[in-house]
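The values are calculated or read from the model by the stated rules, or taken from the named source; none is laboratory data. Treat the numbers as computed from the prediction; the structure is a model and nothing was measured. Counting neighbours? That spans all protein chains shown, and the Cβs are built from the backbone with ideal geometry, glycine included.
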């Protein structure tokens, strides 16, 4: 790209555990401009949600790696995602305390309610109960972050798709070259192809099924005020025959008004202006 004067940059998602200084030094050279890393709350909650296979916590290593990452890069922006669930939705302020050590002009904060498969049915039933009750309160999390001077980020309101896996060019590559349609659908039996020496080889039937949903052919979506903002919501849920609607659907007008107010607050903080809440 440099030889042909073509602008190129990329982004990535990682749990951050193996992102040591040696790897971090490649980021600016490879034009990796944004990294999304998930920290699911303060140390005790994060280690409960995201331990190593043997049970050891990952929090300290990830934080140390992030400190190195900011030191050795200049262009990189980091999006911190917190998955909100039964054990941590009341501990957002502690999560923000963790992020205070990082440069705010190079960070964004992103909250999302946990969702997943039926493999842990009881846990996800509990998540959905809290999400239904507290769905609009996620705006309070963003407000707290904006008050502290963090940039806040909500993809469903700034792009014409639900997530990157709506795009035909997006795919997850597993350690053995297996291809998955998105990060929610990873594991045995969920493959849609393989990476080989010849390139990406798809199971045509599975690939077409994944990309077959069209929100404009859905009566439910055509009646919804969020179309075309979310483009039908989570494709993985639709793949399983379920509703993939984001929580913003519960009250899109209120959510949009509150989100606008939060973004104004964010700008006031940037300008060091007085504000009232």
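Points worth noting:
- In the set 223, 267, 204, only one residue is surrounded by fewer than 17 Cβ atoms within 10 Å (Cβ to Cβ), free of Cβ contacts under 8 Å to residues at least 24 places away in the same chain, more than 22 Å from the chain's Cα centre (by Cα) and within 24 Å of residue 141 (Cα to Cα); that residue is 267.
- Helices (runs of 4 or more DSSP H) (entirely within the range 15-121) containing at least 3 residues that are within 23 Å of residue 152 (Cβ to Cβ) and within 17 Å of the chain's Cα centre (by Cα): 92-99
- When each of 96, 76 is tested for being touching a strand residue (DSSP E or B) at 6+ places or on another chain (Cβ under 8 Å), under 17 Å from residue 59 (Cα atoms) and modelled with pLDDT of 85 or more, the lone residue that passes is 96.
- Some residue of the range 243-264 being in contact with a helix residue (DSSP H, G or I) (Cβ under 6 Å, 6 or more places away or on another chain), closer than 16 Å to residue 166 by Cα and either surrounded by 11 or more Cβ atoms within 10 Å (Cβ to Cβ) or modelled with pLDDT of 85 or more (or both): yes
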